[in-house]
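The values are calculated or read from the model by the stated rules, or taken from the named source; none is laboratory data. Keep in mind the model is a prediction, meaning the values are calculated, not measured. Please note: Cβ atoms are built from the backbone with ideal geometry, for glycine as well, and neighbour counts cover all protein chains shown. Areas reflect the complete protein model, heavy atoms only, side chains present, ligands, DNA and RNA absent. Shrake-Rupley method; radii C 1.70, N 1.55, O 1.52, S 1.80 Å.
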Amino acid sequence: MKAVYLLLAATAAVSVSAETWALVPKPRHVWQKRGTYHLATNRVERADVRFVRDGRLAAEGYFLDVSPTAIVVKASAKAGEFYAMKTLEQLMRQREIPCCEIRDSPEFAWRGFLIDEARHFMGKETVKRYIDLMSRVKMNVLHWHLTDDDGWRLELKRHPEVHLKGSVRPESMGHGGDDRDPRMTGTQYGPYFYTQEDVKEILAYAEAHCVKVVPEFDVPAHSRALFVSHPEFTCRGPDDPAFRSPLTMYGPQYECFCAANEDGMRFIEDVFDEICALFPSPEIHIGGDECPPNRWHECPKCQALMRELGLTDERQLQTRMTHRFAKFLAARGRKAIAWDETLSKDMPRNLMMQLWRSPADGRRAVEAGLDVILSPSCWCYFDMPQDCDRDPFQYLGSKACAVSLERAFSFDPYEGLAPTLWPRVKGVECCAWGECTWGWFDLNWKMWPRSFATAEV
């Protein structure tokens with residue numbers, strides 16, 4: 001809790017008591033005035049506020065004026081009003097709000113939070129609770145990682161075999177070998193997936209909290225849960241025993257969609273089509289990370305395709321897929337997002353890049369003319385250790401990879417970039433990968449207070 005207090009004190013709006021003025025993230029401008037406004041109840045209601053629409057303010061910006069007799073909020077859109085209310089909630093102490101004027105707007109349009117449910121399923125009530133929590137600190141994008149080697153968590157009406165087979169595995173995800181996780185009991189895990197009605201309920205909740213939900217369907221690798229029902233789309237074919245169930249141990253995988261299988265490519269597009277029909281977000285995440293070319297190198301069909309197209313490197317096959325899916329989504333009014341492993345000199349201009357490895361990759365992407373979302377693991381991956389004494393929770397990586405609260409807070413998204421390139425940086429996202437995150441309590445422990453730091457960044 002000391003770390004939380006230090007962060008809140010560091011982001012206090014003015015040099016007064018941190019207990020009174022703990023605002024996260026810190027507003028751009030705060031003017032303190034004498035007196036307080038007294039509320040009738042223990043919460044701030046919209047009825048307590050007079051809202052004024054002002055088109056001169058940024059879409060998510062607001063101007064808040066608290067006097068002893070009135071609270072006035074000026075905003076150009078619903079989001080600004082919503083964030084002004086969240087600021088009032090932070091300011092409130094025992095039915096009183098200090099008199100002040102606050103003018104605020106976010107630095108970035110994308111203030112993201114990734115939940116990975118392919119490894120461990122959280123359930124819709126947990127997701128809704130997290131939408132509420134992230135919105136309190138004005139984070140506005142839920143990046144929902146729903147598919148991977150370890151599980152498929154989304155109902156498909158057109159291809160129900162995918163979620164029926166891909167949402168269940170022989171046991172839970174975790175460590176193996178000599179340090180086998182005791183929670184890996186050999187008991188069947190699942191079937192766990194979200195129905196489309198569940199998704200619609202979550203989307204409605206998110207919209208009410210000014211949160212955009214961006215789904216990720218990870219291809220061409222990280223797809224083993226899908227291959228349980230469709231092994232014919234792999235280079236190794238339907239008879240390989242590796243595809244009998246989703247993965248139960250985390251680690252590097254070499255299985256991916258066969259780049260020369262046109263039926264598989266059309267299947268991916270059909271799934272994206274159904275995802276677009278369900279999710280209204282302007283962006284759809286297509287994954288693309290950790291796709292080793294081993295299988296394509298061994299596959300006679302992929303090698304024949306390379307010769308036909310005049311390709312010299314197997315990774316060009318993935319670039320070709322990225323172009324195809326970005327074009328497919330663009331035709332449906334959506335922008336594709338891909339992880340930084342897809343970055344090459346021949347990237348489609350309508351692609352957004354999400355960087356999780358070196359910040360140098362972010363500079364390369366920006367200099368190539370691409371918009372970027374920054375999630376460098378050494379600052380933004382909260383499945384890494386927190387550098388706390390006596391921490392009983394499991395993490396990926398060792399303490400040498402720790403992402404402390406101070407380190408998360410120190411991230412500079414513009415470091416190394418010329419100011420003319422700053423508009424290409426669309427935002428920052430912290431990530432809660434699920435290999436060692438088993439449920440609500442684990443998720444909370446790992447995400448807070450470090451998410452306060454990301455909100456401030």
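If M184 satisfies every condition in (1) at pLDDT 95 or above; (2) surrounded by 16 or more Cβ atoms within 10 Å (Cβ to Cβ) but one, which is the exception?
If we test M184 against (1) at pLDDT 95 or above; (2) surrounded by 16 or more Cβ atoms within 10 Å (Cβ to Cβ), just (1) comes out false.
Please enumerate the residues belonging to segment 129-162 that are open to solvent by less than 10 Å² (accessible area, probe 1.4 Å) and free of Cβ contacts under 8 Å to residues at least 60 places away in the same chain.
Answer for segment 129-162, where residues must be open to solvent by less than 10 Å² (accessible area, probe 1.4 Å) and free of Cβ contacts under 8 Å to residues at least 60 places away in the same chain: just R153.
Can you go through T342, T420, T322 and tell me which one is hydroxyl-bearing (S, T, Y) and open to solvent by 60 Å² or more (accessible area, probe 1.4 Å)?
Of T342, T420, T322, the one residue that is hydroxyl-bearing (S, T, Y) and open to solvent by 60 Å² or more (accessible area, probe 1.4 Å) is T420.
Here is a list of conditions, (1) touching a helix residue (DSSP H, G or I) at 6+ places or on another chain (Cβ under 6 Å); (2) in a loop (DSSP other than H, G, I, E, B), and L421 meets all of them except one; can you say which number that is?
Here L421 meets the rest and fails (2).
Determine whether D270 is surrounded by fewer than 20 Cβ atoms within 10 Å (Cβ to Cβ) and without any contact (Cβ under 8 Å) to a residue 12 or more places away in the chain.
no
Kindly establish whether S377 is open to solvent by 40 Å² or more (accessible area, probe 1.4 Å) and either small (G, A, S) or touching a helix residue (DSSP H, G or I) at 6+ places or on another chain (Cβ under 6 Å) (or both).
No.
Which one of R332, R349, R357 is under 20 Å from A109 (Cβ atoms), open to solvent by 30 Å² or more (accessible area, probe 1.4 Å) and either hydrophobic (A, V, I, L, M, F, W, C) or in a loop (DSSP other than H, G, I, E, B) (or both)?
Sole residue among the options that is under 20 Å from A109 (Cβ atoms), open to solvent by 30 Å² or more (accessible area, probe 1.4 Å) and either hydrophobic (A, V, I, L, M, F, W, C) or in a loop (DSSP other than H, G, I, E, B) (or both): R349.
I'm trying to understand the selection: among the residues of segment 236-250, which are free of Cβ contacts under 8 Å to residues at least 24 places away in the same chain, assigned to a loop (DSSP other than H, G, I, E, B) and open to solvent by less than 40 Å² (accessible area, probe 1.4 Å)?
G237, D240
Table: residues versus (1) open to solvent by 20 Å² or more (accessible area, probe 1.4 Å); (2) in a loop (DSSP other than H, G, I, E, B).
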position	(1), (2)
E255	no, yes
R266	yes, no
C276	no, no
S281	no, yes
I284	no, no
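Here are some residues: A304, A225, A259. Which one is open to solvent by less than 20 Å² (accessible area, probe 1.4 Å), touching a residue at least 24 places away in the same chain (Cβ under 8 Å) and more than 30 Å from N140 (Cβ to Cβ)?
Answer to the check: A259.
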